[in-house]
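**Student:** Following this message is one structure expressed as structure tokens.
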Amino acid sequence: MSDLENLANQTISRERITDDQLAKEVAALGARWSIANNLLQLTLPGPGMTKTCAVAAYAGKLADELDHHPKIVVEYPGLTLTINTHDKQAITVLDFAYAARLEKWLRANGWPT
């Protein structure tokens, strides 16, 4: 099983991710993910608004399923999504599980890595 698959299948926990773990987990997500200002961030240049808005819709669906609250900004020509666990004021296992599930969807729907 890949690192991305392992992240996506994590038990949902609000346990903080240590600084040592952050780099490893971000690397498993891929180059479009980074850490900025204590937030896990996806930067996704889009080929057009329709396809980019489909990502935002799926990200919202996933947020509802996980009872999580990302910030999603759609601007031509792309999307920026930021997330952390607000009640912990930190990046947690839940954030990486959310990100990995979104990344799996992106890859399955033709977004190059």
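The values are calculated or read from the model by the stated rules, or taken from the named source; none is laboratory data. Keep in mind that this is a model prediction, so the values were computed, not measured. Glycine gets a Cβ as well: all are built from the backbone with ideal geometry, and neighbour counts include every protein chain shown.
**Student:** Would you mind stating whether ALA54 is among the small types (Gly, Ala, Ser), out of contact with any Leu (no Cβ under 7 Å at 6 or more places or on another chain) and at pLDDT 95 or above?
**Tutor:** Against the criterion (among the small types (Gly, Ala, Ser), out of contact with any Leu (no Cβ under 7 Å at 6 or more places or on another chain) and at pLDDT 95 or above), ALA54 qualifies.
**Student:** Could you identify the single residue in ALA90, ALA97 that is within 20 Å of ILE17 (Cβ to Cβ), at pLDDT below 95, small (Gly, Ala, Ser) and touching a strand residue (DSSP E or B) at 6+ places or on another chain (Cβ under 8 Å)?
**Tutor:** Answer to the selection: ALA90.
**Student:** Checking THR82 against (1) in a strand (DSSP E or B); (2) of a type outside the set (A, V, I, L, M); (3) on the phi > 0 side of the Ramachandran plot, which single condition isn't satisfied?
**Tutor:** Single failed check for THR82: (3).
**Student:** Mind checking which residues of the stretch 61-113 are within 22 Å of ASN37 (Cβ to Cβ), exposed (fewer than 11 other Cβ atoms within 10 Å of the Cβ) and of a type in the set (D, E, K, R)?
**Tutor:** GLU75, ASP87 - these are the residues of the stretch 61-113 that are within 22 Å of ASN37 (Cβ to Cβ), exposed (fewer than 11 other Cβ atoms within 10 Å of the Cβ) and of a type in the set (D, E, K, R).
**Student:** I've got another one for you. Please go through the stretch 16-43 and pick out each residue that is free of Cβ contacts under 8 Å to residues at least 40 places away in the same chain, surrounded by 14 or more Cβ atoms within 10 Å (Cβ to Cβ) and in a helix (DSSP H, G or I).
**Tutor:** Across the stretch 16-43, the qualifying residue is only VAL26.
**Student:** If I ask for residues that are in a helix (DSSP H, G or I) and either charged (D, E, K, R) or within 18 Å of ASP87 (Cβ to Cβ) (or both), which ones from the stretch 50-68 would you list?
**Tutor:** LYS51, LYS61, ALA63, ASP64, GLU65, LEU66
**Student:** Any idea which of GLY30, GLY78, GLY110, GLY48 is in contact with a Gly (Cβ under 6 Å, 6 or more places away or on another chain) and more than 21 Å from ARG14 (Cα to Cα)?
**Tutor:** GLY78
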